[in-house]
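To keep things clear, I will list the structure first and then write my remarks on it.
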Amino acid sequence: MAYQQPSLPYAENALEPYVSARTIGFHYGKHHATYVTKFNEMVAGTPFADQSIEEVIKAVANDSSKSGIFNNGAQAWNHSFYWNCLSPDGGGKPSGALAEKIDQDFGSYDRFREELSNAAATQFGSGWAWLVLDNGTLKVVKTANAQTPITEGMTPILTVDVWEHAYYLDYQNRRPDYVASLIDNLLNWDFATKNFEAARA
Ligand code: FE
């Protein structure tokens, strides 16, 4: 069965003024939707059509003859994850076991915030900045284009999309302003906590 684009977990204007309804309209309604459509077209009629999107992404990650399936599938998955990483009630600092683990692995929330900001700012060109759990340790990593930590055995906890389509209408070339806005006002620590607890269960 085809991969379904998950519905947006809030209204298109819910993240204003930090991310505009216009950006979400294009980003969710056009960019993400197109990745999903193309992925489904490419796997239709192949054995991949019967596998989960995560299985397909992992299976084709190192096969250059299947880069179209990988790029569209990974972008479909990354964006489905990204929408949940944002919330109109987000921002601020994590709490509980996740906050303690951030202090343990980064030194402090401020050090974590700096690492995530740096990863997002220094990803050259299109890509993603992530908080992941890797072999029991929280880390910040960045990936280029459609690349995703799930092919590296890491568990994504949070992500920030740093493709220009994520911020250009609202922030033009000011990627660091977009990233700071997301971290301070929109990051969904409830979702991050769920991912963290699931990975440790
Ligand atoms: Fe995007």
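The values are calculated or read from the model by the stated rules, or taken from the named source; none is laboratory data. If you're wondering where the values come from, they're calculated on a predicted model, not measured in any experiment. Heads up, the Cβs are rebuilt from the backbone with ideal geometry, glycines too, and the neighbour counts pull from every protein chain shown. The area values use the complete protein model at the heavy-atom level, side chains included, leaving out ligands, DNA and RNA. Shrake-Rupley method; radii C 1.70, N 1.55, O 1.52, S 1.80 Å.
Summary table below
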{"quantity": "Stretch gain in nm, segment Arg200-Ala21, where the contour uses 0.36 nm per residue and the Cα spacing is subtracted", "calculated": "60.9 nm"}
{"quantity": "0 to 90° range, to nearest 10: angle between helix 67-85 axis and the chain longest Cα axis", "calculated": "40"}
{"quantity": "In the stretch 146-201, trypsin sites (Lys or Arg not before Pro) in a DSSP loop with at most 14 other beta-carbon atoms within 10 Å", "calculated": "Arg174"}
{"quantity": "For the stretch 87-103, 3J(HN,Hα) per residue [Karplus equation, 6.51 cos²θ - 1.76 cosθ + 1.60, θ = phi - 60°, Hz, x = Gly/Pro]", "calculated": "7, x, 9, x, x, x, 10, x, 9, x, 4, 5, 4, 5, 5, 5, 4"}
{"quantity": "For a label point 7 Å along the Cα-to-beta-carbon line of Asp50, residues of the stretch 1-26 with backbone N under 11 Å", "calculated": "1"}
{"quantity": "Shape category assigned to the stretch 59-201 from the gyration tensor of Cα positions, a/c cut at 1.5", "calculated": "oblate"}
{"quantity": "Crossing angle, helix 175-185 versus the chain [Cα axis fit, 0-90 degrees, rounded to tens]", "calculated": "70"}
{"quantity": "Phi to ³J(HN,Hα) by Karplus 6.51 cos²θ - 1.76 cosθ + 1.60 over the stretch 16-21, Hz, x for Gly, Pro", "calculated": "5, x, 7, 10, 6, 4"}
{"quantity": "Neighbour-limited loop hits for chymotrypsin sites (Phe, Trp or Tyr not before Pro), the stretch 94-201 (at most 11 other Cβ within 10 Å; DSSP other than H, G, I, E, B)", "calculated": "Phe124"}
{"quantity": "Dipole magnitude (debye, nearest 20) for the stretch 115-201, charges at Cβ of Lys, Arg, Asp, Glu", "calculated": "140"}
{"quantity": "Extension gain, Arg111 back to Ser67 (0.36 nm per residue minus Cα-Cα distance, nm)", "calculated": "12.3 nm"}
{"quantity": "Accessible surface of Val179 - all protein chains present, 1.4 Å probe, nearest 10 Å²", "calculated": "0"}
{"quantity": "Solvent exposure of the chain as accessible area per residue, Å², 1.4 Å probe", "calculated": "48"}
{"quantity": "Area of Val36 that stays accessible when all protein chains are in place (1.4 Å probe, Å², to 10)", "calculated": "10"}
{"quantity": "The stretch 24-107 - percent relative contact order, Cα under 8 Å, separation 6 or more", "calculated": "29"}
{"quantity": "Amide H within-cut-off set for Leu86, under 5 Å, with H built and near neighbours excluded", "calculated": "Asn188"}
{"quantity": "Test item: Cα-centred dipole of the chain, Lys/Arg +1 and Asp/Glu -1 on Cβ, debye", "calculated": "260"}
{"quantity": "Helix-derived mean residue ellipticity, 222 nm - over the chain, DSSP H n ≥ 4, -39500 (n - 2.57), to 500", "calculated": "-14500 deg cm²/dmol"}
{"quantity": "Long-range HN-HN contacts of Leu158 with modeled amide H, under 5 Å", "calculated": "Leu131"}
{"quantity": "Crossing angle, helix 33-43 versus the chain [Cα axis fit, 0-90 degrees, rounded to tens]", "calculated": "40"}
{"quantity": "Size of electric dipole in the stretch 98-157: Cβ of Lys, Arg +1 and of Asp, Glu -1, about Cα centre, debye, nearest 20", "calculated": "160"}
{"quantity": "Distance between the stretch 99-124 and the stretch 128-142 - C-alpha centres, whole angstrom", "calculated": "10"}
{"quantity": "Cα→Cβ-extended label distance, 7 Å offset, between Phe124 and Thr37, nm", "calculated": "3.4"}
